[in-house]
Amino acid sequence: MHMNEKALRVLEYNKIVEKLAAKAVSTMGKDAASALKPETDLALIERGQKETSEAAAMVLRKGTLPLGGISDIRPSLKRASMGGALSIEELLRICDFAHVCTKVIQYHKNTRLSSVPDPRTGSDEGFPLLDPLFGGIYAPTQLEKEISRCIINEQELADDASPKLHDIRRAIKSANEGVRDLLNSIIHSSSYRNMLQDSVVTIRNDRYCVPVKQEYRSAFPGMQHDQSSTGATVFMEPMSVVRLNNRLKELHADEREEINAILRKLSEMTANESESLLLDASLLAQLDFAFAKGELSISMKASEPIFNSCGRINIKKGRHPLLAPETVVPTDVWLGGEFSILLITGPNTGGKTVALKTIGLFSLMGQAGLHIPAFDRSELAVFDNVFADIGDEQSIEQSLSTFSSHMSNIVSILDNLTDNSLVLLDELGAGTDPTEGAALAAAILNRLHSRSIRTAVTTHYSELKVYALSTEGVENASCEFDVETLRPTYRLLIGIPGKSNAFAISSRLGLPESIIEQARTILKSEDARFEDVITDLEISRKSVILEQERAEDFRRQAEALKKDLAAKKQKLDSEREKIILSAKEEARKVIHEAKEESDRMLKQYQKTLREASFKESEAARQALRDKASSIDEELASISNDKKALKPLPKHLKNGDRVFIHTLNQSGSVISAADQNGEVLIQAGIMKVRIHLSNLSLDEAKEAKKAEPLASRAAKIGKSKSVSPEIDLRGLTIDEGVAKADKYLDDAFLAGLAQVTIIHGKGTGALRSAIQEMLKNRGNIKSFRLGQYGEGENGVTIAQLEQPS
């Protein structure tokens, strides 16, 4: 069933279609937009809505669909398929079209890569309606490359378009140079200098010529091709260059023939891809149309409505799409639930007709698959047809008055409407005697009400306000009017009949109060009481609105207070972080000083070993241990910042949470203490061995992060029992070098004169790293690879310096 054309015109649906077509890029996309009509099938309507939503989501995610350069290539494809040769311009358009296909495919790929799974379900459904359209596009890259290679612009083919064209153009260039050289010799020759009007070379009729004075025309050997407007100069082709010019003409003819051959070849390639290109054109037109709907939705700040089949309309903060966004007043409209007829009253220019048109236009837009400019989850019904009698459409030719014109429209509507129609009537019963007009309007509304047809009506008749109050299924509504400013507010108030405000407006405009009082006495008592009821309703409504606004103010104040408290909390957290960072910085400074002190003490100890006696050496070692112990205590005091600590039990077990004083970090026990009292602990991403003396139980839920510390001074107290060899096989270069470095310190302190470092043969990378490290150590006297029986090049033997 087709929608009523008169309603489409009266509700200005065509202007929405024009806006939609302007968003499309391609000719076919614009054609599809211009042909868009409302549907009556719920499945088709919902599909159109989902398509619009998917397109809008893609635009918001990755920007506009890249269709720049697209054109309608269908006529060219048809001619190519019939064996015709395409022009350079047509081939360039096909090349641009192929490039658009490539860009669209890449756009879809990027959109899919950036898709975010639904946070509620974890699934990424993508775009079920648009993905198949993108997936069906084929990019003829070979054809695009060949056209781009052969054609430079709309007037010229590339020299390398074919080997033959390259040879011809090279020959043309050579011939041109020969002609110019010969002509230059002529114009600079003393024999011809007096005969020439000017020493220049020009072209006439595609032939190289020289300007000869009229009086020497017979004396100059050559052929005349043209003369000046005054006749004083004739342009002659010297006989000596005629042959070369003829050759040039032949070469140019060969060039044109070869260009036509190249164009025929490209046309054949296009014909071979014609089916794919036609399919691409159809798919791109559908995508262009869908994205035009998405772009329109975004520009109108629109949303996808929810459709139902029970005739219910609930528009939330709807804005008429043809009114200026900065001036339009959002309105709430509902119909088809508790009542099937909405009777809107109020002053002229108060927004009654806008409300009527908003209902009708939203229904048409929604059923055409377009989003509506209203809040999310607004509801629309699926109607078989929409009928509208809005405005004065009297015809002079038909000699119809305003009343007759409206009544003719209503007769047509009553003859064609179905039970599932939407009817919009503006100023029902106007243009005739008020009493008869009101009675006629009530009778028409009764007919519509008896069939439960969804109807919205505007009127000035007070009798119809009473009809609405006394009839179940009919609801009053009004457009608010500010008597103080004498301006409408354009807010639709459902449930409250409109008040005429004629007396109040007249008084504000300066009409004498005596006249107004006399008018009040003339007014029937029943009408006066009815106006009083309306006034009471208005007062009650404004009181409710005032209370709602006060509640909203309280809510906003509470929200502002909440934000203020959150900001203060954030500030406190920030200051706390600064304090912690400052403390950590101070700790790092102390640690750095401790490290420098331990290095200085180690060097002093090495010097003492060389110069002092054994007894003095032992005294120096004891002093070093004491100093290291004091450093450990100082570090522990810095790290221990109000943590929940308990004494360490005698036996730690796997999973126990401990605080590492030397690292200022918490960790979990992996294995119990070994014979040296060291515990293997997982601290963040590191696995470290820490002595029991540097551990405490930690009951805090989160461990503070700190930089790893390593102090040689803390390790001086290691056991003197050190093995004369170390096995590094299976370790990485970094792990092996670090382990060997620590081992050499222990071996030196233990007084070993020679050690064996087993690094394996392998690729030799670990061996090279170990030997490079040995070169840079101060306490290594010498080192060498192992000999036969020692492990050969799988080991390195190092000699350590000893006290003298």
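The values are calculated or read from the model by the stated rules, or taken from the named source; none is laboratory data. The structure presented is a predicted model; accordingly, all values stated were derived computationally and were not measured. Heads up, the Cβs are rebuilt from the backbone with ideal geometry, glycines too, and the neighbour counts pull from every protein chain shown. Side chains are part of the model used for accessible areas, which takes the heavy atoms of the whole protein and leaves out ligands, DNA and RNA. Shrake-Rupley method; radii C 1.70, N 1.55, O 1.52, S 1.80 Å.
Here are the numbers:
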quantity: Cα gyration tensor category, rounded, prolate or oblate, for the range 14-61 with a/c compared to 1.5; calculated: oblate
quantity: The range 232-273: C-alpha pair distances exceeding 16 Å, %; calculated: 59
quantity: Asp159/Thr202 FRET efficiency (R0 25 Å; Cβ-Cβ; nearest 0.05); calculated: 0.45
quantity: Separation between Cα centres of the range 738-804 and the range 37-95, rounded to whole Å; calculated: 74
quantity: Theoretical FRET efficiency, 1/(1+(r/R0)^6), r = Cβ-Cβ of Thr418 and Lys15, R0 25 Å, to 0.05; calculated: 0.40
quantity: Calculated diffusion of the range 1-93, Stokes-Einstein form, Kirkwood radius summed over Cα pairs, 37 °C and 0.692 mPa s, µm²/s; calculated: 201
quantity: Förster-model FRET efficiency, 35 Å R0, Lys775 and Lys589, C-beta, rounded to 0.05; calculated: 0.60
quantity: log10 of Debye I(q)/I(0), alpha-carbon scatterers only, for the range 210-364 at 0.11, 0.15, 0.21 Å⁻¹; calculated: -0.73, -0.97, -1.29
quantity: Translational diffusion coefficient (Stokes-Einstein; Kirkwood radius from C-alpha pairs) of the range 185-300 at 10 °C, 1.306 mPa s, in µm²/s; calculated: 83
quantity: Spin-label pair Arg170/Asp41, simplified geometry with 7 Å Cα→Cβ offset, distance in nm; calculated: 6.4
quantity: Accessible surface of the range 1-111 [probe 1.4 Å, protein heavy atoms]: carbon and sulfur percent; calculated: 53
quantity: Alpha-carbon Rg with Dmax, taken over the range 286-345, Å; calculated: 14.7, 44
quantity: Difference of contour (0.36 nm per residue) and Cα-Cα distance, Ser309 to Arg556; calculated: 85.1 nm
quantity: Coarse-grained scattering of the range 553-605 at q = 0.16, 0.23, 0.31 Å⁻¹, given as base-10 log I(q)/I(0) from a Debye sum over alpha-carbon atoms; calculated: -0.65, -0.83, -1.01
quantity: GluC sites (Glu not before Pro) restricted to DSSP loop in the range 414-498 with at most 13 other C-beta within 10 Å; calculated: Glu472, Glu484
quantity: Per-selection metrics, the range 139-233 (Cα): Rg and Dmax in Å; calculated: 20.3, 67
quantity: Additional length obtainable on full extension of the chain from Asn184 to Ser452, 0.36 nm per residue less Cα span; calculated: 86.7 nm
quantity: Convex hull of Cα atoms in the range 727-771, direction-averaged projection (nm²); calculated: 2.9
quantity: Viscosity 1.567 mPa s, 4 °C: Kirkwood-radius Stokes-Einstein D of the range 159-202 over Cα pairs, µm²/s; calculated: 106
quantity: Ranked by how many other beta carbons lie within 10 Å on average, peptides 673-681, 363-371, 782-790 from highest; calculated: 363-371, 673-681, 782-790
quantity: Sequence ranges 263-269, 759-765, ranked by mean other-Cβ count within 10 angstrom, highest first; calculated: 263-269, 759-765
quantity: Å² of accessible area per residue within the range 405-469, as computed with a 1.4 Å probe and no ligands counted; calculated: 41
quantity: Whole-number accessible area per residue in Å² for the range 165-315, which is evaluated in the context of all protein chains at 1.4 Å; calculated: 51
quantity: Globularity index of the range 731-804, i.e. its alpha-carbon radius of gyration over 2.2 N^0.38 Å; calculated: 1.05
quantity: Extension gain from Ala443 to Asp376, taking 0.36 nm per residue of separation minus the Cα-Cα distance; calculated: 20.4 nm
quantity: Burial ranking of peptide ranges 448-458, 507-517, 4-14 (average Cβ count within 10 Å, highest at the top); calculated: 448-458, 4-14, 507-517
